[in-house]
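The values are calculated or read from the model by the stated rules, or taken from the named source; none is laboratory data. Note that the coordinates shown come from a computational prediction; the quantities given were computed from them, not determined experimentally. Here the Cβ positions follow ideal geometry from the backbone for every residue, glycine too, while neighbour counts run over all protein chains shown. The area values use the complete protein model at the heavy-atom level, side chains included, leaving out ligands, DNA and RNA. Shrake-Rupley method; radii C 1.70, N 1.55, O 1.52, S 1.80 Å.
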Amino acid sequence: MSATTSKEDPIVIVGAGVFGLSTALELCQRGYKNVTVLDRMLPPVPDGSSVDISRIVRYDYSDPFYMKLAREAVQSWGSGPFHPYYYNTGFVLTSEEKSDAFLEKLKGLLRSQGQTFKDFQTTQQLIDEFPHLKDVKQEFTGYINPNAGWADAAGAITALAARCSELGVSFVTGPRGTMTSLRIDDSRVTGVHVAKGPPISSSNVILATGAWSNQYLDLTHAVSSSAQPVGFIQLTSEEAAEISRMPVVINMTSGFFVFPPTPHTNILKVARHSHGFDTSIQVDGRTISSPKRDVNNAASSYLPDDADEALREGLRQILPKLADKPWVRRRLCWYTDTPQGDFVVDNHPTIKGLFIAIGGAGHGFKFLPILGKYIADCFEDKASTEVRQKWRLEKSSQTTGPMVCNDGSRRGPARRLLTAQEQAKL
Ligand SMILES: *[C@@H]1O[C@H](CO)[C@@H](O)[C@H](O)[C@H]1NC(C)=O
Ligand SMILES: *[C@@H]1O[C@H](CO)[C@@H](O)[C@H](O)[C@H]1NC(C)=O
């Protein structure tokens with residue numbers, strides 16, 4: 001925010017995902033009168049990462065900052081306006097190792113914050129807690145966090161967008177809502193150029209453009225987009241009933257995770273939290289990894305063969321009876337990765353009036369009920385030093401080559417650049 005921003009001044013937020021919408025809502029609640037959200041499509045944007053049936057909601061973090069923030073978020077999911085979209089099913093973290101270093105770290109932090117969890121040393125002990133997991137055959141250890149679960153992502157985003165609209169946020173979608181570039185005069189943002197018609201002028205622009213961000217600004221030293229595989233299976237009501245009381249399970253050896261079937265619709269979702277896939281596209285003479293701008297990136301339903309097989313293998317290990325059922329849909333979910341999994345919420349260092357709120361790094365969605373408050377505090381320059389430091393935009397980097405996320409939570413194979421043939425199928 002520039003020193004002169006008043007509550008009457010226009011604010012354009014580009015991006016209707018969890019970062020953009022939670023910020024829009026909070027700014028309206030703080031009295032800003034002229035807030036406009038732009039996006040290519042109506043929220044929930046089908047190829048964004050704030051969409052589809054589920055996201056894990058948990059506070060198991062190896063960084064005390066996020067554990068604290070996520071505890072606040074979990075509490076808010078449980079009791080606040082978004083509670084209809086939250087399912088407190090419990091969360092199970094499993095490992096091959098007898099004492100997995102990462103899980104030990106999580107447990108140590110949970111203990112130090114006075115949080116309860118339940119260790120298990122054998123698969124049978126887990127099945128005793130969750131009989132719906134009776135078909136798991138592998139031997140492994142891990143722990144259960146009972147105060148966690150999942151949220152209906154599309155449902156919560158739809159409710160959030162509706163609330164923004166009620167409070168007076170303007171929405172522009174389609175070609176008029178599709179930013180093609182920032183409009184900058186003399187190191188000051190004056191609005192955005194859009195795919196159709198005259199530019200949209202505004203003295204404040206907040207970029208909440210997620211995985212598309214590097215198309216608009218060269219932020220490759222701070223964020224890099226990776227695509228992660230997701231698959232959906234339609235269960236019969238009998239199949240769903242058999243596992244309806246299972247928790248969310250993540251395999252901290254492979255990165256595979258699975259949700260309980262969705263109530264009423266009986267869809268089973270599986271995915272992998274790993275280092276993901278890169279693409280290479282040309283934008284303004286630069287080569288970046290990014291989803292495309294002018295298409296629905298979720299439409300093709302294509303997954304690389306190795307990723308498809310990894311999801312099948314994960315299912316065989318946890319829900320073997322369902323492992324060969326056909327996908328009803330598959331997609332690549334785009335993460336906006338950062339070196340340590342920290343969000344990037346900061347003023348642009350040289351372009352006045354430009355503020356950035358991106359970098360979900362595959363774990364941002366769970367903060368939906370509280371994220372806007374922290375982003376608006378940064379925007380108004382009221383946030384704590386700790387938050388400002390954590391979420392600052394690094395000026396440039398010493399790193400060479402593609403940046404990968406090392407927040408400790410990623411498993412599975414190393415990041416891989418999709419081949420030209422694979423990219424042609426996206
Ligand atoms: C909001 O800002 C835009 C861009 O400056 C301006 O054209 C419009 O009149 C403003 N709307 C209100 C209600 O102030
Ligand atoms: C986790 O993944 C590893 C590697 O694929 C596998 O050996 C193990 O059986 C899996 N554990 C569970 C609980 O599925």
Practice task
May I ask you to give the percent of accessible area on the chain that is carbon plus sulfur, with a probe radius of 1.4 Å?
Solution key: 52 percent
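So if I place +1 on the C-beta of Lys and Arg and -1 on the C-beta of Asp and Glu, and nothing else carries charge, what would the dipole magnitude of the range 87-215 be about its Cα centre? I want it in debye, nearest 20.
Computed about the Cα centre, the dipole is about 500 debye.
Please arrange V172, V136 by accessible surface area, largest first, computed with a 1.4 Å probe and ligands excluded.
Sorted by accessible area, descending: V172, V136.
How much of the DSSP bridge set in the range 1-157 is antiparallel, in percent, rounded to the nearest 5?
Details: 13 of 18 bridges.
Antiparallel: roughly 70 percent of the beta bridges in the range 1-157.
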Completion exercise
Under a Gaussian network model of the chain whose springs join Cα atoms within less than 10 Å, the largest fluctuation of L368, L167, L27 belongs to L167
Problem - Within-11-Å neighbourhood charge of L354 [Cβ basis; K, R +1; D, E -1] - result: +2
Practice task
Determine the dipole magnitude for the chain: charges of +1 sit on the beta-carbon of Lys and Arg, -1 on that of Asp and Glu, nothing else is charged, the reference point is the Cα centre, and the result goes in debye to the nearest 20.
Solution key: 440 debye
Practice task
Read phi for every residue in the range 356-364 and hand back ³J(HN,Hα) as whole Hz from Karplus 6.51 cos²θ - 1.76 cosθ + 1.60, θ = phi - 60°, with x for Gly and Pro.
Solution key: 10, 9, 9, x, x, 6, x, 9, x
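Among the listed pairs K33/K373; K118/K373; K134/K366, which have their C-alpha atoms separated by more than 25 angstrom in this model? Spell out each step's value before the answer.
Values: K33/K373 17 Å; K118/K373 32 Å; K134/K366 29 Å.
Pairs exceeding 25 Å: K118/K373; K134/K366.
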Practice task
Springs between alpha-carbon atoms under 10 Å, Gaussian network over the chain: tell me which of D284, D308, D377 tops the mean-square fluctuations.
Solution key: D284
Exercise for the section: Subtract the Cα-Cα distance of E129 and T173 from 0.36 nm times their separation in residues, and report this length gain in nm to one decimal. Expected result: 11.1 nm
Problem - Contour excess over end-to-end distance, with Cα ends at R316 and R286 and 0.36 nm allotted per residue - result: 6.7 nm
Handout entry: Residues in the range 278-317 that a label on L417 would reach, taking backbone N under 13 Å of a point 7 Å out along Cα→Cβ
Key = 278-282, 287-290
Handout entry: Per residue value of the accessible surface for the chain (all protein chains in place, 1.4 Å probe), Å²
Key = 40 Å²
Fill in the blank from the handout: Checked the range 156-234 with the C-alpha gyration tensor, a ≥ b ≥ c its square-rooted eigenvalues, rounded below a/c of 1.5, otherwise prolate if a/b is larger than b/c and oblate if not; verdict oblate
Fill in the blank from the handout: Once amide hydrogens are built 1.01 Å from N within the peptide plane, the residues lying 5 or more places from I13 or on another chain with amide H under 5 Å from its amide H are T36, V37, L38, I206
Fill in the blank from the handout: Lys and Arg at +1, Asp and Glu at -1: neighbours of R388 with Cβ under 15 Å from its Cβ sum to -2
Fill in the blank from the handout: Rounded to the nearest 10 Å², the 1.4 Å probe accessible area of F117 is 40 Å²
Exercise for the section: May I ask for the net charge around S301, where only other residues with Cβ less than 12 Å from the Cβ of S301 are counted and Lys, Arg are +1 while Asp, Glu are -1? Expected result: +2
Practice task
Would you mind putting 69-77, 330-338, 150-158, 262-270 in packing order, based on average other-beta-carbon counts within 10 Å, highest first?
Solution key: 330-338, 150-158, 69-77, 262-270
Fill in the blank from the handout: Computed over the range 11-425, the relative contact order (Cα-Cα under 8 Å, seq sep at least six) in percent reads 22 percent
Completion exercise
Rounded to the nearest 10 Å², the accessible area of H275 using a 1.4 Å probe with every protein chain kept is 40 Å²
Practice task
Write down the percent of antiparallel bridges among all DSSP beta bridges whose residues are both part of the range 11-425, to the nearest 5.
Solution key: 70 percent
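With all protein chains present and a 1.4 Å probe, how do E422, E242 order by accessible area, largest first? Don't skip to the end; give the middle numbers.
On the way: E422 25, E242 85 Å².
Correct descending sequence by accessible area is E242, E422.
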Handout entry: Additional length obtainable on full extension of the chain from N296 to F102, 0.36 nm per residue less Cα span
Key = 66.2 nm
Handout entry: Under 17 Å from the Cα of K425 - lysines, other chains or at least 8 residues apart
Key = K292
Handout entry: Two-site label geometry, S201 and S79: point separation in nm, points 7 Å out along Cα→Cβ
Key = 4.8 nm
Problem - Karplus-derived HN-Hα couplings along the range 279-294 (A = 6.51, B = -1.76, C = 1.60, θ = phi - 60°), whole Hz, x at Gly and Pro - result: 10, 10, 10, 9, 9, 6, x, 9, 9, 9, 8, 6, x, 7, 8, 9
Problem - Helical mean residue ellipticity (222 nm; -39500 (n - 2.57) per DSSP H run of 4+; nearest 500) of the chain - result: -7500 deg cm²/dmol
Exercise for the section: Would you pull out the residues with amide H under 5 Å of D100's amide H, same chain only if 5 or more places away, H placed 1.01 Å from N? Expected result: none
